[in-house]
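No value in this document is a laboratory result; all are computed from the given coordinates. If you're wondering where the values come from, they're calculated on a predicted model, not measured in any experiment. Positions of Cβ are backbone-derived with ideal geometry, glycine not excepted, and every protein chain shown enters the neighbour counts.
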């Protein structure tokens, strides 16, 4: 086992502890349904407890719900990625059952905001070491790789169904606060984890081929060289056009500056792409 694997395991253990604490301190204290496998697990436990007077263990329900997403992970995303994700799922489940509940505040708005921040931070940390908390994360990553769109928006749509069910069964006030929780979590994830978001670079340069090589060396993405003409002096200009992962944008721009410090770089946010776009393998 290498240093990278040890680091991944340590981060996953910390993330599992953080997720379990968040569930017992914020989520359950506020009666929230945070979406994903976690929210669905809590919803099922609450339904069975309310209507059948039976309290199911979190571990049993959460692992059962993650069975199909784990299959998707093994089949389409990556075996090692999925194994580390399984470690996260099992640890989170067991710790959630073992850690006693503790109430920090009764203010449900504070619970929704700060619980969402912690949730988004933990999930993004997990993703940064090539693992996931399970559930809709597997589905979101799979759809992002196949369709080339921001996975977190897809996950937010899936979670809306869970929130609607919780609202119909247990009241809309907690469901609406859960939306605040989920929105805050999604914003934090988008800010911290940018693997499935893309940026477009338009670079006016006198060294187009060298710039293309620099882009590929950093990101493994290609580029297109366009011929242009300066409107002021009529001189010939070359424009390098490339779409890259947002997580690599800063390093690519630094490489462009090192290659041609006179280059003019226009950095644009890409909403959606169609066609082949390189994604590094998970394993």
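Per the helix-only calculation at 222 nm, which mean residue ellipticity applies to the chain, given -39500 (n - 2.57) for every DSSP H run of n ≥ 4 and division by its residues, nearest 500 deg cm²/dmol?
-19500 deg cm²/dmol, from helical runs alone.
Give, as ranges by residue number, the residues of segment 12-44 whose backbone N falls under 12 Å from the point 7 Å along Cα→Cβ of residue 87.
12-16
Provide the FRET efficiency to the nearest 0.05 for the residue 279-residue 107 pair, computing r from the beta carbons and using R0 = 35 Å.
0.30
Compute the helix-to-body angle for 172-192: its Cα long axis versus the longest principal axis of the chain, expressed 0 to 90° and rounded to tens.
Taking the Cα atoms of the chain, the angle to 172-192 is about 30 degrees.
Assuming R0 = 25 Å, what is the FRET efficiency of residue 267 and residue 210, from their Cβ-Cβ distance, to the nearest 0.05?
Numbers: r = 19 Å, r/R0 = 0.76.
Rounded to the nearest 0.05, the efficiency is 0.85.
Could you check the simple spin-label distance between residue 251 and residue 161, using points 7 Å along Cα→Cβ, in nm with one decimal?
3.6
Where does helix 36-52 land angle-wise versus the long Cα axis of the chain, in degrees 0 to 90, nearest 10?
20
To the nearest 10 degrees, how steeply does helix 249-259 sit against the main Cα axis of the chain, on a 0 to 90 scale?
20
Given the peptides 3-14, 58-69, arrange them by the average over their residues of other C-beta atoms within 10 Å, most packed first. Could the numbers behind the result be given before it?
On the way: 3-14: 13.6, 58-69: 18.5.
The peptides rank, most packed first, as 58-69, 3-14.
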